[in-house]
Amino acid sequence: MFRPSSLHRTLPAALRDARSESAAIRASALADLVGYAEGERHQVLALLEGALSDRVADVRAAAAVALADVRGVEALPALLFAVEDDDAHVRQMAIAAIGEIGDGRARERLRRALSDQRPEVRFQAVIAFSRVAHDEAIAALLAALDDPDPDIRYVAIRCGEEQSLGAKRSVPFALLEKAAALLADADAAVRVAAAIILARSGDRRGEPILLEVVRGSLVTREMEDEAAAVELSGELGIAAAEPDLVRRAFGFFGFGQDRFAWQALVSLARMGHPRARAKIVRDLGSWWRDRRTLAVAAAGRAMLAEARPIVEAMMGDEGRADGETVSLALEQLGSRGASTELIAPPEVAS
């Protein structure tokens, strides 16, 4: 089967193909134009804005995505018009773009989208409204937590985290109480997300849910939430989770490590598990740079005081470990009051 080339077009080629007779070529050309917005912003923005009126819905949606990528505030009036598009996917992408741009002029249109009959549109509206209307975000999120669609309840919890914990603010009491009620939600992903926002706020009411996830008796479709549950079990010091954390970190008899073995290792080490702490320190002296970098990150997250001299010796030596990972780990090791924001292990070469 013939497909358009995956190579990025030159600017002249992208401008030409954006006017192709083929809708697929027009859509892919719009994506390539994003890379030229910095140097040729006026020309690129004009073409993307015009594409919001394309006769083919997929092209209109691609234009909205591209405008989000370039933070095309100049095209906000056209995006607001696209919110009323006949095609639901175009409406979704237009709403998502408005959320990325974050311009308050979109507030009223987004408010109407919050009550759209189509759940996919409400989903995007919850995200966008919470970014555009900060002063009304919590009220909108509380309402979304009662939505009949579980995906919308889920994303409202995640937006609540973004609004509060991401901005270094306490989660409002009303939102935490609503999250506590959602621990009994019919949807597993909603229950897990509710337990996570509670735990990150120092509220232990979701601890049984986290324990179920760590044990594998509760499965969520969101992998990042499973990773968070594994690491939060260590932050909360859930003793009952230790056998399952050991299984995840080390496998059975040393075989079959879990996909979240790193998070489990961090949790065990944070709980004072001797084998986990010894492994992290041992890996700091590994022959492989990638393994040393992962061990540095684990030492920081687990606050291993005994690892600090070894990590300090790596400062300024990129050959030994990633410099940013070393700096972050030393910051975490410097104080018991260091940030407790959950992070993924650093990206290393496969």
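The values are calculated or read from the model by the stated rules, or taken from the named source; none is laboratory data. Keep in mind that this is a model prediction, so the values were computed, not measured. Because the Cβ atoms are built from the backbone with ideal geometry, glycine has one as well, and the counts that use them run over all protein chains shown.
Things worth noting here:
- Pairing each residue of region 24-44 that is among the β-branched types (V, I, T) with any residue that is crowded, with 18+ Cβ neighbours inside 10 Å, provided the two are 6+ apart or on different chains, yields C-beta distances under 6 Å for I25/D17; V34/A66; V34/V70; V44/L33; V44/Y36; V44/A37.
- Flag for G251 being more than 20 Å from I197 (Cβ to Cβ), out of contact with any Asp or Glu (no Cβ under 6 Å at 6 or more places or on another chain) and not hydroxyl-bearing (S, T, Y): yes
- Any hit, region 190-206, residues being modelled with pLDDT of 95 or more and farther than 19 Å from V171 by Cβ: no
- Residue check, R205 touching a residue at least 40 places away in the same chain (Cβ under 8 Å) and closer than 23 Å to A241 by Cα: no
- Residues satisfying the stated conditions in region 273-298, i.e. small (G, A, S) and either closer than 22 Å to A240 by Cα or in a loop (DSSP other than H, G, I, E, B) (or both): A276, A278, G285, S286, A298
- Residues considered: S53, S28. Of these, the only one that is over 22 Å from G104 (Cβ atoms), hydroxyl-bearing (S, T, Y) and surrounded by fewer than 14 Cβ atoms within 10 Å (Cβ to Cβ) is S53.
- For S115: the one exception among (1) among the polar types (S, T, N, Q); (2) closer than 26 Å to E162 by Cβ; (3) in a helix (DSSP H, G or I): (3)
- Every residue from region 117-153 that is free of Cβ contacts under 8 Å to residues at least 24 places away in the same chain and over 20 Å from L176 (Cα atoms): Q117
- You will find that of A125, A139, the residue that is crowded, with 20+ Cβ neighbours inside 10 Å, part of a helix (DSSP H, G or I) and either over 19 Å from the mean Cα position of the chain (by Cα) or at pLDDT 90 or above (or both) is A125 and no other.
- The helices (runs of 4 or more DSSP H) falling completely within region 28-110 that include 2 or more residues that are of a type in the set (A, V, I, L, M), within 21 Å of P12 (Cα to Cα) and touching a helix residue (DSSP H, G or I) at 6+ places or on another chain (Cβ under 7 Å) map to 41-51, 57-69.
- Residue that is nearest to the chain's Cα centre (by Cα) [pool: residues in region 187-207 that are outside any helix (DSSP H, G or I) and more than 12 Å from T220 (Cα to Cα)]: S201
- Across region 157-186, the number of residues qualifying as of a type in the set (D, E, K, R) and part of a loop (DSSP other than H, G, I, E, B) comes to 3.
- Matching residues in region 237-259 - criterion: being surrounded by 20 or more Cβ atoms within 10 Å (Cβ to Cβ) and under 19 Å from M303 (Cα atoms): I238, L245, A249
- Filtered residues of region 208-224 (kept if crowded, with 19+ Cβ neighbours inside 10 Å and within 17 Å of the chain's Cα centre (by Cα)): T220
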